[in-house]
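Trainee: Below is a structure I'd like to ask you about.
The values are calculated or read from the model by the stated rules, or taken from the named source; none is laboratory data. Since this is a predicted model, take the numbers as computed values, not measurements. Backbone-built Cβ (ideal geometry, glycine too); neighbour counts: all protein chains shown.
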Amino acid sequence: MQLNSLGFPRIGRRRELKFALEKYWRGESTQAQLREVTSELRRTHWQWQAAAGTEQVPVGDFAFYDQVLTLSATLNAIPERHRGEGVIDLDTLFRVARGRAPTGQDAPASEMTKYFNTNYHYLVPELSQNQVFSIAYDQFFDEVSEAQSLGYKAKPVLLGPVSYLYLAKTVGQDFDKLSLLPNLLTAYADILARFAAQGVQWVQLDEPILALELDSEWQAAITEAYQALSTAKVKILLTSYYGGIAHHQALVSALPVAGVHVDLVTAPDQLAIFANALGQDQILSVGVVNGRNVWAAEVDLIAERIGAVARDLGDRLWIGTSCSLLHSPVDLEVEATLEPALRQQLAFAKQKLLELANVRQLLLAPESIAAKEIVQTCLARREAKAQAADSQVIARVAALTSADYERVSDFSVRQAVQQQKYRLPLLPTTTIGSFPQTPAIRGLRSRWRKGELSDAQYTEQLQQVTRDTIDRQLKLGIDVLVHGEAERNDMVEYFGEQLAGVGFTKNGWVQSYGSRCVKPPLIYGDVSRPKAMTVDWAEFAQSLTDKPVKGMLTGPVTILHWSFAREDIGRDVIATQLALAIRDEVVDLQNAGIGIIQIDEPAFREGLPLKHSEWQAYLDWAVNAFKLSAAGVIDETQIHTHMCYSEFNDTIAAIAAMDADVITIETSRSRMELLNAFEDFEYPNEIGPGVYDIHSPNTPSVEAMVHLIEKAAQKVPVRQLWVNPDCGLKTRTWDEVEPALKNMVDATRELRRRLG
Ligand code: GLN
Ligand code: ZN
């Protein structure tokens, strides 16, 4: 009964990879020094995995930047603009990722996209119709040798050919990606042959697209691929994760592969289906320890759940992580200070390896003392969690009625009342919330965190910044102001730090892309808001002007998606608890005289399940969470929301059901095309389609914005339109922001003249 690690995080428990990479990029270290750090990381991680009892160590999970990029390099699929004449080497990879030509000049980086429904971003392969795949980069093979020379049995881990194609984008003239499959399979066969020559026994080929609802062409591609690779001299472990694949069971079970890995964390029910269909010589790897959370596994319950299958299959069952541990922080041991109530609930990547071993212990020697201790720990942890429950929060959720989710009156009534109250001009102008987080502001925060500034000094300095931000908006002539969010480090962390039931680690970093890591909050208990979180700042800003200042909050769905959330209760319930906390803040803001309140939901779309058939269920509870957070106010109070993306065609009904009085969205990059969704659907409430792209430092011209607003006015009645940038301005400088907003206001005035 082997233990199967699908992949280990590469950043290092103290983010060694990040620091080594950035040093190298700054030209402060040599490539040899960078390589020294990275081989040390691999050695350590393999050693941990072997020490926990993993028979084969994953190889190929390490990447200098991104494992999909490493694979593209291996396959000779590197864009011409980054590649140049020479061979593909490490610097070529960095050029693709960081946007450089071989000459050192700028050459747009390859696009980066979220890997399925995770927060990990991969570099999208760019394939042209005449792409020819061949082995062009040796990192995978070198690392196999490296692991072997350290005495480990190496199990290469690669994205499978069909998922690779699926994730790629086509460049040049339009063509069917699948036409490249036969050639791609030849290259994969060559790769597998190289591994076989190195003495590799098993290769893990990841086909995460199996969790999607694939059309018949892609299903046929899976069959074609694994039939073609069946002559390889290695055993293939066909690996799925992030969701169940029972809907493709017949397809998968018919494949000539040596083993199949299924994710039982996201889809426990598929165990019996795949166990029953298993061929005599096949192994089944079951992903039972969640690779993408931070919580200790209930290993006793896992052992119970898979016990019968384990007895049936014996050695043909492997016990694995659900997916690669890439999405988990590295090591709990480096957390020096953590509340004990939180600590005992946690397991990071290194600890998860031990959980695999514990499951095996429970299955193979249930009567042993060690097994009894394992069970004891699980029981104690569950007991402690039950004790820690907040009965008030639970009762409040239970007492909710449908009325709590609805505003007092319909939008049309609210709109009239709000117009009466605010008397905003046609095409009111506003911004999305944040203004430049200058080095001076970040400096204040770090001095305050170190204790070099007292609370009072820090507050006073930030008030100065806020005053300046309000002044600038007044001079620009913006209609609905914001306080600027200078006091916020991050839009989720700021709230997480003030909510009960939410905790933070010091080193719980997870790779987002390249050298960038995020440290999500941990929602470990019932969530509540002990006291007001933003009211002081909003009141202060409002005291400086007669114009309305928008209150600024992060919505429940976004807080949930950008955190590690507990798994002992449903995500819908956690969202409801968060919504109640935000609702309390909304009501407090209103009572403090803040009449316009924005509840940001930039992550709303990220929660959409991989399977389309599961979308509606998600949308139902996510929309409800937002509505609950917003509905505690009187008609006069105007609720805004903001989403920073531009795909609404498939969710527009749900977005409308959120019933925000005003929604601001990203549109300028798509030249208002997304408003097509709003044209067909007739979105009932007010909309601020972003009129300029804040991701660019360029100053948008008055004409360009006039044009975009006119375009918007063709699709949405002009009385419903607002004028605003695409997103928050925190990453920009004042030198960029002021001329851009000046032009935005000028463009608006021009249109008011024309349309008014
Ligand atoms: N209010 C936030 C800001 O302006 C919204 C950020 C976002 O949409 N991601 O920064
Ligand atoms: Zn945004």
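Trainee: What pairs come up if the first residue lies in the range 697-708 and is closer than 14 Å to residue 726 by Cα, the second is assigned to a loop (DSSP other than H, G, I, E, B) and of a type in the set (D, E, K, R), and their beta carbons are under 8 Å apart, counting only those six or more places apart or on different chains?
Mentor: Taking only residues 6 or more apart or on different chains, the pairs are 697/732; 700/693; 708/671.
Trainee: Please state which of the following conditions residue 597 fails to meet, knowing it meets all the rest: (1) within 14 Å of ligand 1 (Cβ to nearest atom); (2) in a loop (DSSP other than H, G, I, E, B); (3) touching a Lys or Arg at 6+ places or on another chain (Cβ under 8 Å).
Mentor: Unmet for residue 597, out of (1) within 14 Å of ligand 1 (Cβ to nearest atom); (2) in a loop (DSSP other than H, G, I, E, B); (3) touching a Lys or Arg at 6+ places or on another chain (Cβ under 8 Å): (2).
Trainee: For the range 457-471: of the residues being in contact with a strand residue (DSSP E or B) (Cβ under 9 Å, 6 or more places away or on another chain) and either of a type outside the set (A, V, I, L, M) or within 16 Å of ligand 2 (Cβ to nearest atom) (or both), which is farthest from residue 432 (Cα to Cα)?
Mentor: Looking at the filtered set, the residue picked out is 468.
Trainee: Just give me the residues in the range 700-741 being closer than 17 Å to residue 434 by Cα and basic (Lys, Arg), in sequence order.
Mentor: 730, 732
Trainee: Which pairs have Cβ atoms under 8 Å, sit 6 or more apart or on different chains, and link a residue in the range 246-273 that is within 16 Å of residue 613 (Cβ to Cβ) to one that is among the polar types (S, T, N, Q) and in a loop (DSSP other than H, G, I, E, B)?
Mentor: So the pair list comes out as 266/322.
Trainee: Might you check whether a residue that is among the hydroxyl-bearing types (Ser, Thr, Tyr), surrounded by 21 or more Cβ atoms within 10 Å (Cβ to Cβ) and closer than 21 Å to residue 18 by Cα occurs anywhere in the range 104-114?
Mentor: yes
Trainee: Mind checking which residues of the range 80-128 are in contact (Cβ under 8 Å) with a residue 60 or more places away in the chain and of a type in the set (Gly, Ala, Ser)?
Mentor: 97 - this is the single residue of the range 80-128 that is in contact (Cβ under 8 Å) with a residue 60 or more places away in the chain and of a type in the set (Gly, Ala, Ser).
Trainee: Next up: Considering each residue of the range 231-278, count those that are in contact with a helix residue (DSSP H, G or I) (Cβ under 6 Å, 6 or more places away or on another chain), outside any helix (DSSP H, G or I), β-branched (Val, Ile, Thr) and over 20 Å from residue 185 (Cα atoms), and give that number.
Mentor: So the count comes out to 2.
Trainee: I've got another one for you. Taking the criterion of being touching a residue at least 60 places away in the same chain (Cβ under 8 Å) and closer than 15 Å to residue 304 by Cβ, would at least one residue in the range 369-377 satisfy it?
Mentor: Yes.
Trainee: Which residue out of 510, 549, 480, 527 is under 30 Å from residue 23 (Cα atoms) and either surrounded by 22 or more Cβ atoms within 10 Å (Cβ to Cβ) or not aromatic (Phe, Trp, Tyr) (or both)?
Mentor: 510
Trainee: Another one. So residue 541 ticks every box in (1) within 24 Å of the chain's Cα centre (by Cα); (2) among the aliphatic types (A, V, I, L, M); (3) part of a helix (DSSP H, G or I) but one. Which box is left unticked?
Mentor: (1)
Trainee: Sort out which residues of the range 427-454 are away from ligand 2 (no atom under 16 Å from the Cβ), surrounded by 13 or more Cβ atoms within 10 Å (Cβ to Cβ) and outside any helix (DSSP H, G or I), and write them in order of number.
Mentor: Across the range 427-454, the qualifying residues are 427, 428, 429, 438, 453.
Trainee: Just to verify a result, which residue in the range 646-682, among those that are within 15 Å of ligand 1 (Cβ to nearest atom) and farther than 28 Å from residue 614 by Cα, is surrounded by the fewest Cβ atoms within 10 Å (Cβ to Cβ)?
Mentor: 669
Trainee: What are the residues in the range 486-507 that are under 30 Å from residue 16 (Cβ atoms) and away from ligand 2 (no atom under 16 Å from the Cβ), if any?
Mentor: 489, 493, 496, 497, 502, 503, 504, 505, 506, 507
Trainee: Would you please name the residue that is nearest to residue 73 (Cα to Cα), looking only at residues in the range 184-211 that are surrounded by fewer than 20 Cβ atoms within 10 Å (Cβ to Cβ) and out of contact with any Ser or Thr (no Cβ under 9 Å at 6 or more places or on another chain)?
Mentor: Ranking the candidates gives 194 first.
Trainee: Residues that are small (Gly, Ala, Ser): find the helices (runs of 4 or more DSSP H) completely inside the range 320-410 holding 2 or more of those.
Mentor: Filter on the range 320-410 gives 349-364, 369-388, 391-398.
Trainee: Now a separate question. If I filter the range 312-322 for residues that are out of contact with any strand residue (DSSP E or B) (no Cβ under 6 Å at 6 or more places or on another chain), surrounded by 23 or more Cβ atoms within 10 Å (Cβ to Cβ) and closer than 30 Å to residue 335 by Cβ, do I get at least one hit?
Mentor: Within the range 312-322, not a single residue is out of contact with any strand residue (DSSP E or B) (no Cβ under 6 Å at 6 or more places or on another chain), surrounded by 23 or more Cβ atoms within 10 Å (Cβ to Cβ) and closer than 30 Å to residue 335 by Cβ.
Trainee: Which of (1) away from ligand 1 (no atom under 16 Å from the Cβ); (2) in contact (Cβ under 8 Å) with a residue 60 or more places away in the chain is the odd one out, the single condition residue 733 does not satisfy?
Mentor: Single failed check for residue 733: (1).
Trainee: Please specify each residue of the range 357-382 satisfying the condition of being touching a helix residue (DSSP H, G or I) at 6+ places or on another chain (Cβ under 9 Å) and either crowded, with 23+ Cβ neighbours inside 10 Å or hydrophobic (A, V, I, L, M, F, W, C) (or both).
Mentor: Within the range 357-382, 358, 359, 362, 363, 364, 365, 370, 371, 374, 375, 378, 379 qualify.
Trainee: Quick one: residue 346 ticks every box in (1) under 28 Å from residue 238 (Cβ atoms); (2) surrounded by 20 or more Cβ atoms within 10 Å (Cβ to Cβ) except a single one, so which number is it?
Mentor: Looking at each condition in turn, residue 346 falls short on (1).
Trainee: For the range 663-706, give me each residue that is out of contact with any strand residue (DSSP E or B) (no Cβ under 8 Å at 6 or more places or on another chain) and within 16 Å of ligand 2 (Cβ to nearest atom).
Mentor: If the condition is that a residue be out of contact with any strand residue (DSSP E or B) (no Cβ under 8 Å at 6 or more places or on another chain) and within 16 Å of ligand 2 (Cβ to nearest atom), then 669, 670, 692, 693, 694, 695, 696 are the ones that fit.
Trainee: If you scan the range 1-32, which residues turn out to be touching an Asp or Glu at 6+ places or on another chain (Cβ under 9 Å), of a type in the set (A, V, I, L, M) and more than 30 Å from residue 361 (Cβ to Cβ)?
Mentor: 20 - this is the single residue of the range 1-32 that is touching an Asp or Glu at 6+ places or on another chain (Cβ under 9 Å), of a type in the set (A, V, I, L, M) and more than 30 Å from residue 361 (Cβ to Cβ).
Trainee: Just to be sure before I move on: is residue 53 at positive phi, at pLDDT 95 or above and buried (at least 19 other Cβ atoms within 10 Å of the Cβ) in the structure I sent?
Mentor: no
Trainee: How many residues does the range 700-730 contain that are surrounded by 16 or more Cβ atoms within 10 Å (Cβ to Cβ), outside any helix (DSSP H, G or I) and either more than 16 Å from ligand 1 (Cβ to nearest atom) or of a type in the set (Val, Ile, Thr) (or both)?
Mentor: 4
Trainee: To continue, here is another question. If I filter the range 604-645 down to residues being within 16 Å of ligand 2 (Cβ to nearest atom) and surrounded by 22 or more Cβ atoms within 10 Å (Cβ to Cβ), which single residue comes out as farthest from residue 418 (Cα to Cα)?
Mentor: Per the criteria, the residue is 604.
Trainee: Taking the residues in the range 491-521 that are in a helix (DSSP H, G or I) and in contact with a Pro (Cβ under 8 Å, 6 or more places away or on another chain) as candidates, determine which candidate is nearest to residue 12 (Cα to Cα).
Mentor: Among residues in the range 491-521 that are in a helix (DSSP H, G or I) and in contact with a Pro (Cβ under 8 Å, 6 or more places away or on another chain), the one nearest to residue 12 (Cα to Cα) is 493.
Trainee: Scanning the range 464-490 for residues that are part of a loop (DSSP other than H, G, I, E, B) and touching a residue at least 60 places away in the same chain (Cβ under 8 Å), which turns out farthest from ligand 1 (Cβ to nearest atom)?
Mentor: 477
Trainee: For residue 411, state whether it is modelled with pLDDT of 95 or more, more than 16 Å from ligand 1 (Cβ to nearest atom), over 30 Å from residue 538 (Cα atoms) and aromatic (Phe, Trp, Tyr).
Mentor: no
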